[in-house]
Amino acid sequence: MTPVTCAPFALREVRWQDLAELAGHESDLFGSEAWSVQSWWGELAGRPRREYLLAEDAAGIAGYAGLDHAGDVSDVMTIATLPRARRAGLGRQLLDELVIRARSAGAQRLLLEVRQDNTAARGLYEARGFTLLQTRRGYYPGGVDALVLALDLTTKDAA
């Protein structure tokens with residue numbers, strides 16, 4: 001797919017050559033819950049069902065996101081923005097691109113899971129029309145709940 005540019009961030013497909021750097025960012029962002037280089041290899045090996053995007057700016061990687069396509073449902077596997085790129089609309093740009101790609105793959109619904117204590121992400125998802133589908137009690141380390149959210153992709157207004 002052709003890279004998408006929305007200044008100051010350009011989106012492109014994740015390449016094998018990106019994995020070591022992505023794993024480093026994962027570790028910085030998610031600590032013990034981070035994906036390893038081996039996990040990233042496994043994710044990219046799942047193509048075409050798995051699809052991962054990288055956002056870049058003049059300073060390099062600014063964020064990334066991914067999908068799993070499973071028929072009429074696609075799942076957001078990850079959305080991450082580096083601290084230096086936050087509050088610049090990158091999370092919204094990545095999510096909007098995932099919605100476009102999920103629809104293009106034939107999905108009627110987009111699902112994701114978010115930590116209950118991640119208020120910034122929850123605000124983004126709520127603003128884009130995601131609704132609560134299920135709560136997984138104590139799912140994350142420290143007993144933090146996971147919220148499973150869904151977006152109906154069959155309506156024109158979705159995201």
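The values are calculated or read from the model by the stated rules, or taken from the named source; none is laboratory data. Nothing here was measured: the structure is a model prediction, and the numbers come from that model. Positions of Cβ are generated from backbone atoms using ideal geometry, with glycine treated the same way; all protein chains shown enter the neighbour counts.
Quick look at the values:
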item	result
Segment 125-142 residues that are in contact (Cβ under 8 Å) with a residue 40 or more places away in the chain, paired with ones that are polar (S, T, N, Q) (beta carbon under 9 Å, 6 or more apart)	140/116; 141/32
From 128, 92, 103, 136, residue being of a type outside the set (Asp, Glu) and under 16 Å from residue 50 (Cα atoms)	103
Matching residues, segment 105-144, being assigned to a strand (DSSP E or B), over 19 Å from residue 155 (Cβ atoms) and more than 15 Å from the chain's Cα centre (by Cα)	134, 135, 136, 137, 138, 139, 140, 144
Whichever residue in segment 24-60 is among the aliphatic types (A, V, I, L, M) and modelled with pLDDT of 95 or more and, among such residues, is surrounded by the most Cβ atoms within 10 Å (Cβ to Cβ)	55
Filtered residue count, segment 20-60, keeping only those that are out of contact with any Pro (no Cβ under 8 Å at 6 or more places or on another chain) and either assigned to a loop (DSSP other than H, G, I, E, B) or among the charged types (D, E, K, R) (or both)	15
Criterion violated by residue 147 - all others in (1) in contact with a Lys or Arg (Cβ under 8 Å, 6 or more places away or on another chain); (2) outside any strand (DSSP E or B); (3) more than 21 Å from residue 27 (Cα to Cα); (4) of a type outside the set (D, E, K, R) satisfied	(2)
Segment 61-78: number of residues that are of a type outside the set (Ser, Thr, Tyr) and either surrounded by fewer than 22 Cβ atoms within 10 Å (Cβ to Cβ) or at pLDDT below 95 (or both)	9
Residue that is farthest from residue 92 (Cα to Cα) [pool: residues in segment 44-67 that are in contact with a helix residue (DSSP H, G or I) (Cβ under 9 Å, 6 or more places away or on another chain) and charged (D, E, K, R)]	50
Matching residues, segment 95-127, being in contact with a His (Cβ under 8 Å, 6 or more places away or on another chain) and either closer than 26 Å to residue 142 by Cβ or surrounded by 20 or more Cβ atoms within 10 Å (Cβ to Cβ) (or both)	102, 107
